[in-house]
Amino acid sequence: MKRSGIIIVTILLLASCSIPKYVPDDKKLYRGAEIELAKDDKLAEEDRVREAIDLAIYPKPNRKLLSLVYFNLWVYYRFDESKDKWWSKFIYNRFAEEPVYLDEVNIPLVEQIIKKEMQDEGYFNSEVTGEVQEKDKTATIKYNIDATPPTIMAKVERPKGNTPIDSLIRSFRRMSVKEGDRYRIEAFDIERAEVTEYVRSKGYFDFNSLDIYYLVDTASIDSVNVIMKIKKPANDSLHRKYFIKNVNVYTTSGALGSGAIADAKNSYVWKNLNIYEDFKFIDKKTLESNILIQPDEVFSVKDYSLTLSRLINLNIFKYVNIQYEKSAADSLDVNILLTPTLYQSARYDGELSTSDQSFLGSSLSFSYTNDNTFRRAEKFSATIRGGTELQYKDLNVGFSILNIAAGVGYEVPRLLVPFPTRKLRSSVAPKTFIKLENDYQLWLEFFNVNSANFTYGYEWRTESRFTFTAQPLFVNYINLLGTTTYFDSIAIAQPSLKLRYSDNLIIGSQFGLTHTNKLTEGQRNSYYLRWNLETSGNTSTIFANSITGVPISQYVRTDIEYRFTRKFSFIENLVTRVNFGIVKAYGNSEVAPFTKQFYMGGPTTLRGFAFRSVGPGRYQQEDDSGIINPIDQSGDIRILLNTEYRFPLFSIFRGALFFDAGNVWLIRDEVSKPEGQFKLNNFYKELAWNTGFGLRADIDFFAVRLDFGVPLYEPYENIGERWIHKSPGTGIFPWMRENIILSAGIGYPF
């Protein structure tokens, strides 16, 4: 691997280094800008200032492949004269990028752009000079910025008048322009937008962000006074508050003409809604529960936004259009046009994972969905899936897994609880769901097991981007239908294995939440947080420890996942995931059921290792032929780290460089699994590491992925053999067959 990697990198670097010979004698290839900040002591939020300047500078230099080589530029020069050949045309059209030369850069204009960015960040009167630095046939431009001390807002004054608008603004508590803060133009933009939304949610339909302006006066050499002002409307002395008069809902296939009532075959009034329809498509109760705009209430832009989002998220309308019409001096009629769409769908998904060293696996699923069952936007779904896992090594076929599962689900877009609830003000309607699933697995060399599941729960979302899931009851009956002689022999030596793989009844509850940050224009960083807590047997065992002889499992399980995305451009980003999980048995259970334990290895965890082939700790069980025993490779604790750099290739194809690290461990020491217990002072030495390259094809609303993973560090090997150090030796293909893990699937791994 080391030798082949050096060869590939060397070829790319040589190709990149050969570019200058193609540059015309009267041209200099522009390599980009360098920012040199000269400042007194500290520059507040220097990284932020540099980022703003980098985004503003134009033109951009030619892009680099993997941030290393000018591959696209090399293709432009290398294949430009050979475009008559079909393969040259293909490469040129897909990869070539025109060169950016120094004479395309307007240095005085860029200097003014940088000065404007510095001023917007509060550094008034900063001096900027551009200096060209040439080297052979390339050139960079160094912009020297003499930054003045930051300008502070010494005093911020809000409207002092006694109009309703003035009073509203004084009552707003989330102002972004604050006394003592550094002057930043972005703070004014944010405050203007948030204040406008606040005022328009209090009935002021005609109010907009242009009605807010600021007077900025110099207080001293490095401070200013800010006065917030409100424009008066052109045709009135005061901004007018509006109330909702009529709410008209059109569920027709036709268009709504400018303010005219669309022709409808049927119309009626129900709970303050005037409903017009060509045919019965959606139940009136469902409409009422998702329309937050109500007659006789003040106009609210928040009600508009939430209603629009809720109706769209029902997934039964092709178009949703909400229009307001002035009907009197202070009244508004609301017209809601809903165009139905096809609400039944069927889809299939597939996944393939393979390694010439170990596993070959495939799965296929088919699902049917009806998003408008009984015309109430209630979702019925049915899924059937099947899959196989096969392990082989040196033509010795190991265990095979056959998996057949089926399930049905039903979702209602409201909370079905035995007490009255108010409308939740969220962009997605709360829902109640019921699921029934059955999963049969045949592990040819070990056992066959059936798992039946029932789940009843709720899901709701808040305005602060939190989504909550509560399952007051879930039941999982695990029935071990039969075992092989080989499994029984292993279980004799490992009593804990017999306990894990036995009949179990799980009666428990679950709570989960997810949270994402609010994305704004130009924002480069985003995150996703998920946390789940699950318990079983904490109340049911008060009455009995078993039902019809089947023991009730008692355990507590939790896992947390955090993802962070750093955007470098619209189609280039770095995604990192950290996952931690732990399950602890208690009471009458010595170990947690195997379905609730964690595993490591495979296309969604460690992509350079085979499915369930890592852990716990340094432990690994193989038979005489080298076949891994996967039923022995689970743990009570999981730590997983993934990072993936995603970048464009051509057309719909994207590339990815990834790195994964992780393992699972046991909470209690087991004699049959040496070095499998989690120890705080040693766990980081037992992480398995891998790297690799991925290819993704973004097709419409889903992505097809292909990942090539290579293990770097195998903690279960002997000392001195844990780091991958083998070279291709007899050839690259035998080495690839021995080391590369190939996995394919639908969607991104995380």
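Points worth noting:
- Matching option when the condition is under 21 Å from L424 (Cβ atoms), charged (D, E, K, R) and surrounded by 15 or more Cβ atoms within 10 Å (Cβ to Cβ), among D278, D330, D283: D283
- When L574 is tested against (1) modelled with pLDDT under 90; (2) surrounded by fewer than 20 Cβ atoms within 10 Å (Cβ to Cβ); (3) out of contact with any helix residue (DSSP H, G or I) (no Cβ under 8 Å at 6 or more places or on another chain), only condition (1) is not met.
- Filter pass, Y92 being of a type in the set (F, W, Y), modelled with pLDDT of 85 or more and either crowded, with 17+ Cβ neighbours inside 10 Å or closer than 25 Å to F653 by Cβ (or both): no
- The C-beta contact set for segment 650-665 (first residue under 14 Å from R94 (Cα atoms), second residue modelled with pLDDT of 95 or more and part of a strand (DSSP E or B), distance under 9 angstrom, 6+ apart or interchain) is empty.
- In segment 64-75, the residues that are modelled with pLDDT of 75 or more form Cβ pairs under 7 Å with partners that are of a type in the set (D, E), at six or more places apart or across chains, as follows: N72/E97; L73/E97.
- Residue match in segment 154-171 (condition: outside the structural domain of Y204 (by TED's automatic domain parsing), assigned to a helix (DSSP H, G or I) and in contact with a strand residue (DSSP E or B) (Cβ under 8 Å, 6 or more places away or on another chain)): no
- Residue check, Y458 touching a Ser or Thr at 6+ places or on another chain (Cβ under 8 Å), farther than 23 Å from L292 by Cβ and among the hydroxyl-bearing types (S, T, Y): no
- Residue ranges of strands (runs of 3 or more DSSP E) in segment 411-530 with at least 2 members acidic (D, E): 431-443
- Residue check, P616 buried (at least 21 other Cβ atoms within 10 Å of the Cβ), closer than 24 Å to N476 by Cβ and at pLDDT 85 or above: yes
- Single residue of segment 481-500 satisfying the filter (in contact with a strand residue (DSSP E or B) (Cβ under 6 Å, 6 or more places away or on another chain) and surrounded by 15 or more Cβ atoms within 10 Å (Cβ to Cβ)) that is modelled with the lowest pLDDT: F487
The values are calculated or read from the model by the stated rules, or taken from the named source; none is laboratory data. Everything numeric in this text was worked out from a predicted model, so none of it was measured. Positions of Cβ are generated from backbone atoms using ideal geometry, with glycine treated the same way; all protein chains shown enter the neighbour counts.
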